[in-house]
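Everything below concerns the one structure shown next.
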C-alpha cells in the first residue's frame, strides 16, 4: 500500500507527537503544530492518537492513492477534493485505488492534517516519525515531501466500511480575532507593570515571518524594566519571547531548545489548536489565566478526545 506525491503543496511533512527526551542534546521536539487536530484525524481513522500524519501548510498536496484507503482531514479547511469532488473535513473518507486527493486553496486556518487508517510506514528516529528539516532528521528522508515521493502505508486492520461512517462537527472556523490564554512567566518580572498591561490588553498581528519554528507578532511595544536579553535557558512550546524591540515572538514545534530573550508568558497547551492555525495577517489578543486553570483546560481537552474515541468506537 502506498501514496504517490504528484505535487507536494507549499509545505507538507510527516509529523507525530514529537521527539521527546533529546532537548538536552540540542534536538528540538518538532511534531505537529496543532496536536489536537492531528489527534482527531487519527481517531477518525481508527489510529492511535499519536500516529504520524501529514501536516500541510496553506496549500495542500496532490496525492494519488495506489491502493484503497480510509483518510480523515482535520485542522484548516484547505478545500480538499477527491477526483475533483469536494469532501468534508472532520470525516473519515474511503479512497479508491487510483483516486487523487487535491486541495483548491485555504478557506480557514493555516495547517491541515491528513491521517490514513493503519498509519504511514515511516521508520522511527529517536522514538519519533516527526520531521525536523533543519537537521534532516526523521519523517520522509528528513525533509518536506517532493514530487514523485512514494509513501508506504501500513496494513489496515479494520474493515474500511466500518471506518468510513465516522464524522464529527468541524472544529476550526475563520475569525477576525483570536484569543490565546496564557500563564505569565518565567521572566514576567523583567517587564514593567505598563508593559504587562500592554501585553494583556493589546491586539497583535501575525507578520509574514511565521513558520514551524515560531511566529513574530507586531503591535504595541511591550516595555522591559531594563532589557530583553537574558542568559539562555530552555524554551517550551508556546513560549512568548519578547526581545528588546518589545515585539513578541511565539515559539512553535521546531523551536530551538534554548534562547536568550525574556519570556513574558506561555500559551497554554489547550490553546495550541488555535496557535497552530495562525497565519500572516491574523489578529491575536492574550488572556491571563492561572496555572490551575490551564491544567484543568488540558485535562478537559484530553477527556474530550477520550470521549470522542468512545463514541466513534461504539
field: Within the range 208-231, tally of residues that are crowded, with 18+ Cβ neighbours inside 10 Å and in contact (Cβ under 8 Å) with a residue 60 or more places away in the chain
entry: 4
- request: Taking only the range 232-255 into account, find how many residues are touching a residue at least 60 places away in the same chain (Cβ under 8 Å) and more than 18 Å from residue 217 (Cα to Cα).
  value: 1
task: Examine the range 240-257 for a residue that is in contact with a strand residue (DSSP E or B) (Cβ under 7 Å, 6 or more places away or on another chain), surrounded by fewer than 22 Cβ atoms within 10 Å (Cβ to Cβ) and outside any loop (DSSP other than H, G, I, E, B), and state whether such a residue exists.
output: no
query: If you check 113, 140, which single one turns out to be touching a helix residue (DSSP H, G or I) at 6+ places or on another chain (Cβ under 7 Å), surrounded by 16 or more Cβ atoms within 10 Å (Cβ to Cβ) and either under 13 Å from residue 54 (Cβ atoms) or at pLDDT below 95 (or both)?
result: 113
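Answer with yes or no whether residue 191 is assigned by TED's automatic domain parsing to the domain that holds residue 294 and either within 26 Å of residue 296 (Cβ to Cβ) or buried (at least 20 other Cβ atoms within 10 Å of the Cβ) (or both). Spell out the reasoning first.
Values: assigned by TED's automatic domain parsing to the domain that holds residue 294: yes; either within 26 Å of residue 296 (Cβ to Cβ) or buried (at least 20 other Cβ atoms within 10 Å of the Cβ) (or both): yes.
For residue 191, the condition - assigned by TED's automatic domain parsing to the domain that holds residue 294 and either within 26 Å of residue 296 (Cβ to Cβ) or buried (at least 20 other Cβ atoms within 10 Å of the Cβ) (or both) - is met.
The values are calculated or read from the model by the stated rules, or taken from the named source; none is laboratory data. Just so it is clear, the model here is predicted, and its values are computed rather than measured. In this analysis, Cβ positions are derived from the backbone assuming ideal geometry, glycine residues included, and neighbour counts consider all displayed protein chains.
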